[in-house]
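Student: Here it is, the structure, as structure tokens.
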Number of protein chains: 2
Amino acid sequence: MCHTVSVTGQIEHTLRGSWTSSGAAAAHLSPTSMRWLRQRIGLTDTTTPAMPSSLLEVPGSALPQDARAELEALVGAANVLVDDAARLGRAGGMSYSDLIRRRSAAEFAVPDAVLLPGEAELVQGVLEICSQHDIAVVPFGGGTSVVGGVDALRGGKRAVVALDLARLDRLVSLDPTSRIAVLQAGMRAPEAESLLAAHGFTLGHFPQSFERATIGGFAATRSAGQASSGYGRFEDMVEGVRVATPRGEWRLGVAPASAAGPDLRQLAVGSEGALGVITEVAVRVRPAPVRSRYEALVVDGWQAGSDAVRELAQSHNLADVTRLSDVDETEVQFALSGGLKSRALNGYLRARGIRKPCLLILGWDAPSRRELGRRRTATLRALRDIRTVSLGRAVGESWKAGRFSGPRQRDALLDKGVCVETLETATHWGELSELRSAVRTALVRSLRSGANRPIVMCHVSHAYETGASLYFTVLTPRAENALEQWQTAKKAAGDAIAGRGTISHHHAVGVDHQPWLEAEIGGIGNEVLAAAKRAVDPKGILNPGKLLS
Amino acid sequence: MCHTVSVTGQIEHTLRGSWTSSGAAAAHLSPTSMRWLRQRIGLTDTTTPAMPSSLLEVPGSALPQDARAELEALVGAANVLVDDAARLGRAGGMSYSDLIRRRSAAEFAVPDAVLLPGEAELVQGVLEICSQHDIAVVPFGGGTSVVGGVDALRGGKRAVVALDLARLDRLVSLDPTSRIAVLQAGMRAPEAESLLAAHGFTLGHFPQSFERATIGGFAATRSAGQASSGYGRFEDMVEGVRVATPRGEWRLGVAPASAAGPDLRQLAVGSEGALGVITEVAVRVRPAPVRSRYEALVVDGWQAGSDAVRELAQSHNLADVTRLSDVDETEVQFALSGGLKSRALNGYLRARGIRKPCLLILGWDAPSRRELGRRRTATLRALRDIRTVSLGRAVGESWKAGRFSGPRQRDALLDKGVCVETLETATHWGELSELRSAVRTALVRSLRSGANRPIVMCHVSHAYETGASLYFTVLTPRAENALEQWQTAKKAAGDAIAGRGTISHHHAVGVDHQPWLEAEIGGIGNEVLAAAKRAVDPKGILNPGKLLS
């Protein structure tokens, strides 16, 4: 029995207008949205103004003169930067704590220099010089780490440099028969898509960090894009890697699959700069889609929704983008989409049997209209036993248009004094709802105080046959001590996750997740990683303090 | 334009009769087949008789008394075997060289004892005792290694024991929601299928070693089954592992995917007993298929065939079993299927435009007749631009019925004095045909001598978006010095593969592939593996001489 019904013309019109306004360019929050949010979370008039970088105190560069001379001789003087602006620009990533530290002019680690080698061989040379001079090296791509992965930690070394891979931005080769492209690690995702599109291909990797993040960063952190249901996680796309290490170059990946011992590619992928600097990645590419279609449904409640996504995953009928929001996230999305009379929408949904609306975004990419139709039909057919109400294409396409705007929206919320941060995990289907509840409870308990009424919302955006990810977003009034407020909540969430799910499904370990890594990979896992590190980086210059403590 | 035509009734009838006779039970080669083969490869009347094991000389057990007492106290005296038969039964695997050594009563390594612990905790205890007493431990599952992976090498230790996991044969748990089963490592594949079938599930892992091989062995060697196009390689099925190591137990796998650093599961999978003894594996399972259908097509020539398989892989229309034989393998299959007038078949095919027949076996498993029809139609539609002639279901179903009979057929050929062995590799599509030619040429050159006319045949049985496997079978008259004959040929093939493809797509490294491992994973790769081994096995008792030299 098919419960799917289409949204009426009027509601769809309203939705189209509303959702489009939250599209790509929108960093701005409408007065209506802000009014709703203030009331919902108990926000006062606190603000968190951005701090001009000129007011930040930048320590002098500690790069020793002899090392600097050698580095300049290797990569060119123009590619060894020691000015404050360059160093500040590579000081840390994009977590809430990073943003707060910058806005509050708190102390944070700044590299002693920024190096910009233009060839993979020069990266190798940089590591050799830094090894000799006892200088820590932090590989730097798009700088979008939200786990402290690019913090300029010195690790007891004489100095620390940010090894910015921005000039490694070339398409090295493309084999259209094997559908493999070799990309340099510093290439940003939009550039990669644009270069591949010229040959009719796509990588299909669209994480929220898409606009800034790099190919090397994706590999180093085991990134997962919003279309991972269709295109796979980044590690699924990696055919081979070229890695610079203090012990020499390391190349891996001569076949799509192998039984020649453990898959060491999967050790390089996720190594977070601690086991080497990825300089090139051979990636599987696919023909750029000719047709795509995004649409939105509403299902009734979290359990029905996650059962539906599980059914899609296990019957191999997932749309390329499959994203289920829980009731809280759906409420916020409806409310913040601006101007939408969510009361009208809720009435409309209630009349169709939906009491706890959970938004389900589905998006398909296909090589033809026919194939798109076939796949869409298969997806919707697999949902036929579940009550759904269609909100039509407007909402889906609007979600697509705004899918990279999260970071800008976060900046706007920060301005208004909102504590806004995300965290994520994954587990098996049998434990998914329990884990979601545990994390929600931990976060709400930690963040509720006085008039604060934190919103903890959640979505599933990556589904597998055996389980799924859970992505939480927190909105609550910022406390006086903003850093401590979030760190306490983060600790509560991490403790709730440990043993029940992975401490990170796609944000990596960095500094922030280390407290829980051993619970996940065991003491032996930690020792194996440390042993691998000693083998490739005996002096420990590579990204100290990340991944491994 | 669709070139597919169906085989006429008469030919199909002939094929059905012929192919069925080469089914599961057939170890026997018909006089007609043998006559054809003798002529084709230049075989004389040499035979290679099997040697009764009572004639083999078995060295006495060197297991120290104190160690034996401790092991008996731990696992029970009945589970510490030191008799000749038990030890001989775990002396080496199933490679051609293993079989020849046994038939010629050549010297080979025999373990000093066989241990049969019945619980994962006891495996852990065994490793601790063996560590204290400086005793090497060779984990033993089905004993089907064809690369020396279970050779009872001592590695300079006082003694060597075979740690037979046969008693670890339980289904530990089954989560039907998450579709994950936890299986003990010593469970044989048919037993696993049977236990899962009782709950409506299948693993879908059907390598040629299926009848004897174990779950732990599949994981330790990165096995790939004949239906890998549908169900994935074994490592794709592994959700988690429990591993005993001399440093303690190691458990991995809390989520379907993770960004918590490198994927250490992929280090345990493929570790070949050198980094630990896998005691339990959590595997993804799927609903047992309700319908299945196997059929055979013929395509015209290797290039057209491999282009067809590539098209299927890249358009995601592979049948669950997709297996393309080259002209030589097709000729042998037609000829050895017994009684078939291949001249008639070739005439039939020529009349339909097929000059270089290459057999393409396609098999689909599906949850319903409708889904089977849909998938089959999609596969065949993707082949519509390629000239194919259908040989119908008889040939396909007969292939399925006989798909585990290779080892028995090999024994029969060995009896008749045939040198018969296989080797395999994988590479990217762009290099596939060149690699096939290079390996063929190397093998033929090495094996051709006097009146010998070696057959080197090849098939693709595992296809990916970016490349495929190549599986070679050699048939040639056995030389006087059989071991040297094959070792020389194997070296020539390995040298041809190194740098062009992986040294093993699904047979693992063991002893035999070590000479080429460094070319594949680099000196740094070797050092990383060695470092990981030191971390988990500081005394080096685990499977000495395998994977790492």
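The values are calculated or read from the model by the stated rules, or taken from the named source; none is laboratory data. Computed from a prediction, not measured in an experiment: that's the story for all the values here. Cβ placement follows ideal geometry from the backbone for every residue including glycine, while neighbour counts extend to all protein chains displayed. Heads up: the accessible areas ignore ligands, DNA and RNA and are worked out on the full protein's heavy atoms, side chains in. Shrake-Rupley method; radii C 1.70, N 1.55, O 1.52, S 1.80 Å.
Student: Report the per residue volume, in Å³, of the convex hull enclosing the C-alpha atoms of the stretch A:53-167. Could you put the intermediate results ahead of the total?
Tutor: Details: hull volume 10.6 nm³, N = 115.
Spread over its residues, the Cα hull of the stretch A:53-167 gives 92 Å³ apiece.
Student: Past the 25 Å Cα-Cα mark, which pairs from B:Lys416/B:Lys490; A:Lys491/A:Lys546; B:Lys491/B:Lys546; B:Lys356/B:Lys490; B:Lys490/B:Lys546; A:Lys533/B:Lys546? Intermediate values should be presented prior to the final figure.
Tutor: On the way: B:Lys416/B:Lys490 21 Å; A:Lys491/A:Lys546 18 Å; B:Lys491/B:Lys546 18 Å; B:Lys356/B:Lys490 28 Å; B:Lys490/B:Lys546 18 Å; A:Lys533/B:Lys546 23 Å.
Check vs 25 Å cut-off fails for B:Lys356/B:Lys490.
Student: Would you mind checking the radius of gyration and Dmax of the stretch A:148-192 based on alpha-carbon positions, in Å?
Tutor: Cα radius of gyration and Dmax of the stretch A:148-192 are 15.6, 48 Å respectively.
Student: Take the stretch B:498-549, compute every pairwise Cα distance, and split them into 5 Å bins from 0; I just need the percent in each bin.
Tutor: Histogram of Cα-Cα distances, whole percents per bin: 5, 20, 28, 26, 15, 5, 1, 0.
Student: In whole Hz, what ³J(HN,Hα) sequence does the stretch A:82-90 give by Karplus (6.51, -1.76, 1.60; θ = phi - 60°), x for Gly and Pro?
Tutor: Taking θ as phi minus 60°, the curve returns 10, 6, 4, 4, 4, 5, 4, x, 10 Hz for the stretch A:82-90.
Student: Output needed: percent of Cα pairs per 10 Å distance bin for the stretch A:387-480, bins running from 0 to the one holding the longest distance.
Tutor: 14, 35, 37, 14, 1
Student: If you don't mind, there's one more thing I want to ask. Grab the beta carbon distance between A:Arg38 and A:Asp83, set R0 = 41 Å, and tell me the FRET efficiency rounded to 0.05.
Tutor: 0.50
Student: What list of ³J(HN,Hα) values in whole Hz, one per residue of the stretch B:330-336 in order, does the Karplus curve 6.51 cos²θ - 1.76 cosθ + 1.60 (θ = phi - 60°) give from phi, with Gly and Pro shown as x?
Tutor: Working through the residues one at a time gives 4, 4, 5, 5, 4, 6, 7 Hz.
Student: Could you give the size of the charge dipole of the protein assembly as shown about its Cα centre, using +1 on the Cβ of each K and R and -1 on the Cβ of each D and E, expressed in debye and rounded to the nearest 20?
Tutor: Dipole magnitude for the protein assembly as shown comes out near 3840 debye.
Student: Could you tell me how far the Cα centroid of the stretch B:465-488 sits from the Cα centroid of the stretch A:166-226, in Å?
Tutor: Each part's Cα centre sits 40 Å from the other's.
Student: Oh, and also: Enter the angle in degrees (range 0 to 90, nearest 10) between the Cα long axis of helix B:65-75 and the first principal axis of the Cα atoms of chain B, meaning the one along which they spread out most.
Tutor: The helix B:65-75 is inclined about 70 degrees to chain B.
Student: Take peptides A:417-429, A:189-201, A:169-181, A:114-126 and line them up by average Cβ neighbours within 10 Å, highest first, as a rough protection proxy.
Tutor: Final packing ranking: A:417-429, A:114-126, A:169-181, A:189-201.
Student: If amide hydrogens are placed 1.01 Å from N in the peptide plane, which non-local residues have theirs closer than 5 Å to the one on A:Thr202?
Tutor: Here A:Arg286, A:Ala288 satisfy the definition.
Student: How many angstrom lie between the Cα centre of the stretch B:109-165 and the Cα centre of the stretch B:43-81?
Tutor: 12 Å
Student: Would you mind pulling out the separation of the Cα centroids of the stretch B:353-404 and the stretch A:344-386, in Å?
Tutor: 34 Å
Student: Just to confirm a number: summing +1 for Lys and Arg and -1 for Asp and Glu over residues other than A:Val172 whose beta-carbon lies under 10 angstrom from that of A:Val172, what do you get?
Tutor: Spelling it out: positives minus negatives among the neighbours equals +1.
Student: Once you have the Kirkwood Rh of chain A from its Cα pairs, apply Stokes-Einstein at 20 °C and 1.002 mPa s and quote D in µm²/s. Intermediate values should be presented prior to the final figure.
Tutor: Numbers: Rh = 24.3 Å.
My calculation gives 88 µm²/s for D.
Student: Still on this structure: Along its principal axes, what span do the Cα atoms of the stretch A:323-397 show, with the longest given first and each in whole Å?
Tutor: 38, 27, 18
Student: Normalise the Debye intensity by I(0) for the protein assembly as shown, one equal point scatterer per Cα, no solvent, then take log10 at q = 0.09, 0.10 Å⁻¹ and round to two decimals.
Tutor: Log-scaled intensity ratios, in q order: -1.09, -1.31.
Student: Once the label point is set 7 Å along the Cα-to-beta-carbon vector, what list of distances in nm do you get between A:Arg38 and its counterparts in the other copies?
Tutor: For A:Arg38, the inter-copy label distances come out at 10.0 nm.
Student: Using amide H atoms built 1.01 Å from N in the peptide plane, name the residues 5+ places from B:Val146, or on other chains, whose amide H lies under 5 Å from its own.
Tutor: B:Met94
Student: Label-to-label distances across copies for A:Gly248, with labels 7 Å out along Cα→Cβ, in nm, shortest first?
Tutor: Going from nearest to farthest copy, the values are 3.5 nm.
Student: Same structure again: Report the full-extension gain for the segment B:Ser437 to B:Arg343: residue separation times 0.36 nm, less the Cα-Cα distance, to one decimal in nm.
Tutor: Values: separation 94, 0.36 × 94 = 33.84 nm, distance 2.64 nm.
The B:Ser437-B:Arg343 span can extend by a further 31.2 nm.
Student: Oh, and also: What does the structure give for B:110-123 when I average, per residue, the other chain Cβ atoms found within 10 Å of the residue Cβ?
Tutor: Numbers: counts 0, 0, 0, 0, 0, 0, 0, 0, 0, 0, 0, 0, 0, 0.
Counting Cβ atoms of other protein chains within 10 Å of each residue's Cβ and averaging gives 0.
Student: Say each of A:Ser292 and A:Ser368 gets a label point 7 Å from the Cα, pointing the same way as Cα to Cβ; how far apart are those two points in nm?
Tutor: 2.1 nm
Student: Sticking with this one: Taking a 1.4 Å probe, which of B:Trp302, A:Trp36 shows the most accessible area, and what order do the others take after it?
Tutor: So, going from the largest accessible area down, we get A:Trp36, B:Trp302.
Student: Regarding the stretch B:254-400, what whole-number volume in Å³ per residue does the convex hull of its Cα atoms give?
Tutor: 182 Å³
Student: Once the Cβ-Cβ distance between B:Ser30 and B:Ala50 is put in as r, and R0 is 22 Å, what FRET efficiency do you end up with, to the nearest 0.05?
Tutor: 0.60
Student: What do you get when you divide the Cα radius of gyration of the stretch A:283-365 by 2.2 N^0.38 Å, with N the number of residues?
Tutor: 1.26
Student: Could you list, bin by bin from short to long, the percent of Cα-Cα pairs of the stretch B:410-536 in 5 Å steps?
Tutor: 2, 10, 19, 21, 18, 13, 9, 5, 3, 1, 0
Student: Follow-up question, since we're still on this one. Hey, could you pull the Cα Rg and Dmax for the stretch B:296-336, both in Å?
Tutor: Rg, Dmax (Cα atoms, Å): 11.0, 34.
Student: Using the eigenvalues of the Cα gyration tensor, what equivalent ellipsoid semi-axes result for the stretch B:171-287 when each is taken as the square root of five times the eigenvalue, whole Å, largest first?
Tutor: 21, 16, 14
Student: Additional query: Considering only the label points, 7 Å along Cα→Cβ from Cα, what distances in nm to one decimal separate A:Arg381 from the same position in each other copy, shortest first?
Tutor: Here A:Arg381 shows inter-copy label distances of 1.1 nm.
Student: Within 10 Å of each Cβ of B:226-234, how many other protein chain Cβ atoms are there on average?
Tutor: 1
Student: So if R0 is 25 Å, what FRET efficiency would A:Val58 and A:Asp411 give, r being the distance between their Cβ atoms, rounded to the nearest 0.05? Please report the intermediate quantities before stating the final value.
Tutor: Numbers: r = 22 Å, r/R0 = 0.88.
Once the sixth-power term is evaluated, E becomes 0.70.
Student: How big, in percent, is the set of alpha carbon pairs in the stretch B:345-447 lying more than 17 Å apart?
Tutor: The calculated P(r) of the stretch B:345-447 puts 74 percent of pairs beyond 17 Å.
Student: Report the relative contact order of the stretch B:42-122, percent, no decimals, based on alpha-carbon pairs under 8 angstrom and at least 6 residues apart.
Tutor: Dividing the mean separation by the residue count of the stretch B:42-122 yields 40 percent.
Student: Going by amide H atoms built from the backbone, whose H comes under 5 Å of the H on A:Gly42, apart from near neighbours?
Tutor: Here the answer is A:Arg453, since their amide H atoms fall under 5 Å of that of A:Gly42.
Student: Give me the one-decimal nm value for the distance between modelled label points at A:Arg352 and B:Arg158, 7 Å along each residue's Cα-to-Cβ direction.
Tutor: If labels sit at A:Arg352 and B:Arg158, their model points lie 7.6 nm apart.
Student: Continuing with this model, one more query. Using a 1.4 Å probe on the protein chains only, how many percent of the accessible area of the stretch B:205-317 belongs to carbon and sulfur?
Tutor: Looking at the stretch B:205-317 in its full context, I get 42 percent from C and S.
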